[in-house]
Amino acid sequence: LPQLLASLGALFTAAGVGDKISSIISGVIPSGNILAGVIAYCVGMALFTMIMGNAFAAFSVITLGIGIPFVFSQGANPAVAGALAVTAGYCGTLMTPMGANFNIMPAALLEIEDKNAIIKNQAPVALALLFAHIVLMYFLAF
């Protein structure tokens, strides 16, 4: 499954989604602002992971569209920033029904009436972890 999701990300990248995201973000983020680039990269990974359901699919698109022009080109260590970006994406998985293995299955197995109860309980932790990823990427990758 991870290989299939990664190939889905490659398909989106080949379709030019990353370039479109880059052009949109370049109109918002001032050139050379490292903190804004790190925030856009981490939050973009989380949001696109929420859409795609998995960070493997989001990684190639968001790294091409935001990571390379706004983080890596500013001098970030690719190993550190890349690893933190993937795990920042998984913060998005914790906040969406698209991550069914984390969010929908436990609610069904526990026979919880509110099917979104798992997501509601995970969201504050996911947001705190996303903030931690931004701080870590800013201070460790540069």
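The values are calculated or read from the model by the stated rules, or taken from the named source; none is laboratory data. Remember, it's a predicted structure, so these values are computed and weren't measured experimentally. So basically every Cβ, Gly included, is an ideal-geometry build from the backbone, and we count neighbours across all protein chains shown. Protein only, heavy atoms only, side chains kept; ligands, DNA and RNA dropped before computing areas. Shrake-Rupley method; radii C 1.70, N 1.55, O 1.52, S 1.80 Å.
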Which residue out of A6, A40 is open to solvent by less than 50 Å² (accessible area, probe 1.4 Å), modelled with pLDDT of 90 or more and not charged (D, E, K, R)? A40
Quickly run through the stretch 22-37 and pick out the residues that are within 21 Å of A83 (Cβ to Cβ) and either at pLDDT below 90 or buried (at least 19 other Cβ atoms within 10 Å of the Cβ) (or both). G37
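Condition test on A132, is it over 12 Å from the mean Cα position of the chain (by Cα) and at pLDDT 90 or above?
Details: over 12 Å from the mean Cα position of the chain (by Cα): yes; at pLDDT 90 or above: yes.
Yes; evaluated as a whole, the condition is true for this residue.
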Does A126 satisfy being open to solvent by less than 40 Å² (accessible area, probe 1.4 Å), aliphatic (A, V, I, L, M), outside any loop (DSSP other than H, G, I, E, B) and under 17 Å from A55 (Cα atoms)? yes
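Show me the helices (runs of 4 or more DSSP H) entirely contained within the stretch 1-53 in which 1 or more residues are free of Cβ contacts under 8 Å to residues at least 40 places away in the same chain and closer than 14 Å to V71 by Cβ.
Working: elements: 2-14, 17-26, 34-52.
It comes to 34-52.
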If the requirement is being touching a Gly at 6+ places or on another chain (Cβ under 8 Å), modelled with pLDDT of 90 or more and closer than 16 Å to A126 by Cα, which of these qualifies: A55, A46? A46
Which residues, counting only those in the stretch 65-103, are modelled with pLDDT under 90, open to solvent by 30 Å² or more (accessible area, probe 1.4 Å) and under 15 Å from the mean Cα position of the chain (by Cα)? M98
